[in-house]
Amino acid sequence: MTKFRAVVKREYVQRVRSRMFVIVTVGAPLMFALFTVVPILIANIKTGGPTRVAVVDESGRMFARVRDSLKSAQPARDDDDDEAPAAAQGAMNQNTRARMEQAAKAAAQSFEVEEVPAGGGTPEEVRARLDGRVGRDELNGYLVLPRDVLSGGEVQFYTRNVGDVFTRGQVRGAVVRAVRDARLDERGVNAEVMRAVNQPVRMKTAKAGGGGETDRGQGFFLVFGAGFVIYLTILMYGQVVLGAVIEEKETRIAEILFSSIRPFTLMTGKLVGVSLVALTQFAIWGLALVGLGAYFAGRGASVAIPQVSLGVYACVVLFFLMGYFIYATLYALVGSMVTTSQEGGQLGMPIILLLVVGFYLAFPVIRSPNSSFAVWVSLVPFFAPITMLIRIVSQEPPAWQIALSLGLGFATVAAMLWLAGRVYRVGMLMYGKRATIPEVLKWMRQP
Amino acid sequence: MSEQQPTLRIEGVTKRFGEFTAVDSLSLTVRAGRIFGLLGPNGAGKTTTIRMIVGITRPDEGTLELFGQPVTPELQNRIGYLPEERGLYKRMRVGDQLKFFAELKGFSGRAADEALDRWFEKVKLSDWKRRKASELSKGMQQKVQFIAAVLHDPDLLILDEPFSGLDPVNVELLKDLVLELKEAGKTIIFSTHQMEVAERVCDDICLVNRSRKVLSGSIREVKSGFGRNAVALRFEGDDGVLEDTRLVASVERHSDDLEALLAPGADAQELLGRLLAAGARVSRFELVEPSLHDIFIEKVGGE
């Protein structure tokens, strides 16, 4: 047991102290942030001051409304026409959209609005003049409100930068509000009624039978994120185990080690040591997340800290460990069969394939978490770490299914350890050539 | 350490890998406090035998007894092993990994730290303790590997080709350390195919070839039992006596002297008498023991 501990300790200390660990631990969240936050920030970078917009009001009575509406600019909600029905795209999409809107709100820009009389020439001349000013950067863009704007005439927005979706959205929102108000006003609806009509409708999605607690998709986000992180982490640490085993074989350290410790003890020690490194990394990320959440909450920002029960967190850890041990054991087996890292990479490909299949199976399971397909898939040990987690968060499956999945999974871990141990014992001392499958099968049968 | 009890006793041990028999009913005894040479050409079964002694593999037949007990994992802690194929963790500090290897032998804590410093001093590597293995030269790495084998103060030390690839200065250094360990009462099994080295350090030897034991015993016994008598000769005069095949089996001529291999049963005294009687002026007449090298060539190369 003390020898087992020595192996675990070496594996853990060496890896946690390594530069690679620091890079991944710090780098991964940074990368994540880079890919989610930075695009929004970049999209929001506003060069210069307020957006200068000229309005050519051919109808002659809309300018004031449009100006006021622009001045009190609110983020665009294109919900009634442009956007496809969100339901089909799943909660992820809603989440992204919410983020975009939030970002747009943060970037709510101010407008400088000026009126350009429509009578100053033919419409073409007016436009040519305004185009010129836009070209000289005196204006960011101009609006042309047609005479029949209230009865469906098309409003034109000419702008230097057609790709600036935020400005476009805000201008559009302002025009829509102004025109709607004008239409209602025209039909004698008073302002009070208008405000009441315009009151936004809010909808909240909560899990049925969830005790009324609010869940705005964070649970889902958590599990999807967790699934992805688990998938990547299993892959990454599986490769670590592969590399560690190959190192000891390549350098022939195995020979010294085997003269001091039983091969099975050594192998399991390595697996456990590396798993602790992975858990340490999770813990650091988790604490950082909670810390950041608290920091932002303290500053009044509304940061969604996933509200999921402790049971779910426990499941995340359990299913991660199960997946890790299944795949890392496979990697240990492969590592003891090959002679170089290159060979290890080649022979490891099927393992990656298996993992990828498990990851993609997540999508049909997300769509219908309680279908019999989902149930079966979440019981298969190789896929359960991701698929069962998704079921747990989306629509809690019966406890017996979770228990069965865990039971099957850890039974598989035990069986794999036993098999891998037999191959490892012989393979680690076989130098010079890669072991063949028949040889490996023979080693497994050897007493 | 009792003198009576052998450190290692191997009885009729056989190890097969599929069709191939790597070790064939081998028996040998290693006495405590001696340096035992396990000699033989490459592929003779030396490494397989050693692997069975250190508990990496188990024999298919026969028994192995260490310190008077059947081999168990616990006994592994009393063995130090320097394999022929050896390595270190490249990215780990050498001091740390030596402590790790010692810990796997159940030796840790303050005592281990002190022993580590002592050994680093002995092999003149004190300044390198905190360096990573990849920064060390090959010879230094080999000395570190040697420390890995002896750090936990084993009663039985097994060295498989310990000097291969070392420069003469370091060969002398390690050889002295090995002899020092012997003085301290340790038993050492020394596997090599370099007969010159074996001849200088071993007390007892066992020669194996093609999975079988060819001969064994103390160096003295082996040499005298080899039944080969050679005479180194330098003389001026008639050398007709050397043609007598009842007396001289063969003659090997060197630059200024020659070596005459006596025929079986022939007496060196008779040869000297005949030479003198023939009027030769003898300036050198020396009975030469066969070297281990000669024995090796004869026993192994002749087959």
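Values quoted throughout were computed directly from the atomic coordinates according to the rules given, and no laboratory measurement underlies them. The model shown is predicted, which means the values in this text are computed figures rather than measured ones. Here the Cβ positions follow ideal geometry from the backbone for every residue, glycine too, while neighbour counts run over all protein chains shown.
Would you kindly derive the ³J(HN,Hα) couplings of region A:398-410 from the backbone phi angles with the Karplus curve 6.51 cos²θ - 1.76 cosθ + 1.60 (θ = phi - 60°), listing them in order in whole Hz, with x for Gly and Pro?
x, 4, 5, 6, 4, 4, 5, 4, 5, x, 4, x, 6
Please express the Cα-Cα pair-distance distribution P(r) of region B:230-301 as a list of whole percents, one per 5 Å bin, running from 0 to the bin with the greatest distance.
Each 5 Å bin holds this share of Cα pairs: 3, 15, 27, 28, 14, 7, 4, 1, 0.
Taking square-rooted eigenvalues a ≥ b ≥ c of the alpha carbon gyration tensor, is the protein assembly as shown rounded, prolate or oblate, where a/c under 1.5 means rounded and, failing that, a/b exceeding b/c means prolate?
It comes out prolate by the Cα gyration axes.
Among the DSSP beta bridges whose two residues both lie in chain B, what percent are antiparallel, rounded to the nearest 5?
Once the DSSP bridges in chain B are tallied, antiparallel ones form about 65 percent.
Determine the relative contact order of chain B: mean sequence separation of Cα pairs under 8 Å and six or more apart, normalised by residue count, in whole percent.
This gives 20 percent for chain B.
On a 22 Å Cα-Cα criterion, which of the cross-link pairs A:LYS3/B:LYS124; B:LYS138/B:LYS213; A:LYS249/A:LYS442; B:LYS46/B:LYS138 come out too long?
A:LYS3/B:LYS124; B:LYS138/B:LYS213; B:LYS46/B:LYS138
Roughly how crowded by other chains is peptide B:101-108, in terms of the mean Cβ count from those chains within 10 Å of each of its Cβ atoms?
5
Do any chymotrypsin sites (Phe, Trp or Tyr not before Pro) in region A:331-438 lie in a loop, going by DSSP, with at most 15 other beta-carbon atoms within 10 Å of their beta carbon, and if so which?
Here the sparse-neighbourhood loop sites are A:TYR431.
Placing unit charges on C-beta atoms (Lys and Arg positive, Asp and Glu negative, everything else neutral), compute the dipole magnitude of chain B about its Cα centre in debye, rounded to 20.
So the magnitude is around 1460 debye.
Find out how many positive minus negative residues lie around B:LEU272, taking Lys and Arg as positive, Asp and Glu as negative, among other residues whose Cβ is under 12 Å from that of B:LEU272.
Summing Lys and Arg as +1 and Asp and Glu as -1 gives -1.
With a cap of 11 neighbouring Cβ atoms within 10 Å, and only residues DSSP puts in a loop, list the trypsin sites (Lys or Arg not before Pro) found in region A:355-447.
A:LYS433
What distance in nm separates the two pseudo spin-label positions at A:THR340 and A:MET203, each 7 Å out from Cα along the beta-carbon direction?
Result for the modelled spin labels: 5.9 nm.
Work out Dmax and Rg for region B:8-224 from the C-alpha atoms and quote the Rg first, both in angstrom.
17.2, 51
Can you give the helix-only mean residue ellipticity at 222 nm for the protein assembly as shown, where every DSSP H stretch with n ≥ 4 adds -39500 (n - 2.57) and the sum goes over all residues, rounded to the nearest 500 deg cm²/dmol?
-17000 deg cm²/dmol
Once Rh is set to the Kirkwood radius over Cα pairs, what Stokes-Einstein translational diffusion coefficient, in µm²/s, holds for region B:4-136 at a temperature of 4 °C and a viscosity of 1.567 mPa s?
76 µm²/s
Counting only complete DSSP H runs, which helices of chain B cover 20 Å or more along their long axis at the Cα atoms and score a mean Kyte-Doolittle of 0.0 or above?
Membrane-span-like by this criterion, though nothing is claimed about a membrane: B:168-183.
Identify the GluC sites (Glu not before Pro) of region B:4-100 meeting these criteria: DSSP loop state and at most 15 other C-beta atoms within 10 Å of the C-beta.
B:GLU19, B:GLU85
Which net charge results when you count Lys and Arg as +1 and Asp and Glu as -1 among the other residues whose beta-carbon is under 14 Å from that of B:VAL13?
Local net charge: +3.
Under a 10 Å cutoff between Cα atoms, tell me which one of B:ALA133, B:ALA230, B:ALA149 has the largest fluctuation in the Gaussian network model of chain B.
Per the Cα network of chain B with a 10 Å cutoff, B:ALA230 tops the list.
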